[in-house]
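The values are calculated or read from the model by the stated rules, or taken from the named source; none is laboratory data. Predicted model, so just to flag it, every value in this text is computed and none were measured. Note that each Cβ is placed from the backbone with ideal geometry, even for glycine, and that neighbours are counted across all protein chains shown.
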Amino acid sequence: MLVRKRRPIPSAGELVIGTVNKIFEYGAYLKLDEYNGIEAYLPWSEVSSKYVKDIREVLRENQKVVVKVIRVDTRKNQIDVSLKRVTESEQRSKLIEFKRMQKAEKMLEVIAQKLGKSLDDAYREVGWRLEDYFGDLMTAFEEVATRGEELLLEAGIPDEWIPVIVDEVKKRIKPKSVKIRGIITLSTMAPDGVDKIREILESIASHVKNSGNLTARIYAVGAPRYAVEVLAEDYKTAEKALAEALNNARNLASKYGIELTFERERT
């Protein structure tokens, strides 16, 4: 499946995905998957930094490779690329990005079909707008999974697309979440101390849950120490909810004469 870019040709220095089309003694021609299959030339000298007796030791027809664009001649409509200038880290990152783009484009196509529209229509009416607003399609869908239709309204997406996008996103993408963790210690010699400690822990969980779309998990790690975990959409939200819950818990602990300390674990 080809993944499209808005620009007709890549820029020098850009990492692109290419499919090996034809191999010759002194180089190979690739079709660039993200640019509607336009052709690029991979010279023999740019295949490998190591000595290779035969170019076919490195390349084969229909092989997908990550290459770096080294020259673009718009007058001659010629693009030269390099395989040897791509690091392993760059290769991994580009392949992950490409798979995300493929998944996002497939989602966009399904959304378009539900509205009786083509993929071209989808890109023209919403795809490029989402890319402009969020950087790329997949990031847009991930944000929508978390914040819903209000985000699409902010991005200026036409009304007819919004419910269909939200519905499809919810089916396919689990909202992102982050977790923060700390250890709370509660000490008391009071005869009803166990009940009071339970009340304090329950108040923390309740306060976090009432702060929004958050989850709290509290469990003993060896009395009087308890782990407190907060899951939220982002770290700022999680930290704020935990801070407010702990402030409330300290007030309760002071009221009941219970010693409370908290140590935040850093991830």
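Would you tally the residues in the stretch 146-161 being assigned to a helix (DSSP H, G or I) and either touching a residue at least 40 places away in the same chain (Cβ under 8 Å) or surrounded by fewer than 19 Cβ atoms within 10 Å (Cβ to Cβ) (or both)?
Result for the stretch 146-161: 6.
What are the residues in the stretch 14-41 that are touching a helix residue (DSSP H, G or I) at 6+ places or on another chain (Cβ under 9 Å) and under 27 Å from LYS99 (Cβ atoms), if any?
If the condition is that a residue be touching a helix residue (DSSP H, G or I) at 6+ places or on another chain (Cβ under 9 Å) and under 27 Å from LYS99 (Cβ atoms), then LEU15, VAL16, ILE17, GLY18, THR19, ILE23, ALA28, ASP33, GLU34 are the ones that fit.
Could you look through the stretch 162-184, keep only residues that are touching a residue at least 60 places away in the same chain (Cβ under 8 Å) and aliphatic (A, V, I, L, M), and pick out the one that is farthest from VAL221 (Cα to Cα)?
Per the criteria, the residue is VAL169.
Limited to the stretch 216-261, what total is found for residues that are in a strand (DSSP E or B) and either touching a residue at least 40 places away in the same chain (Cβ under 8 Å) or polar (S, T, N, Q) (or both)?
11
Hey, can you tell me all the residues within the stretch 168-180 that are within 17 Å of LEU246 (Cβ to Cβ) and either more than 38 Å from the chain's Cα centre (by Cα) or surrounded by 15 or more Cβ atoms within 10 Å (Cβ to Cβ) (or both)?
Passing the criteria: only ILE180.
Without any contact (Cβ under 8 Å) to a residue 60 or more places away in the chain, more than 22 Å from PRO8 (Cα to Cα), touching a Leu at 6+ places or on another chain (Cβ under 8 Å) and buried (at least 17 other Cβ atoms within 10 Å of the Cβ) - does that describe any residue in the stretch 111-118?
Yes, the stretch 111-118 has at least one match.
Filter the stretch 188-215 down to the residues that are surrounded by 16 or more Cβ atoms within 10 Å (Cβ to Cβ) and in a loop (DSSP other than H, G, I, E, B), then identify the one that is modelled with the lowest pLDDT.
SER211
Out of (1) in contact (Cβ under 8 Å) with a residue 24 or more places away in the chain; (2) under 22 Å from LYS174 (Cα atoms), what's the single condition that is false for SER82?
Unmet condition: (2).
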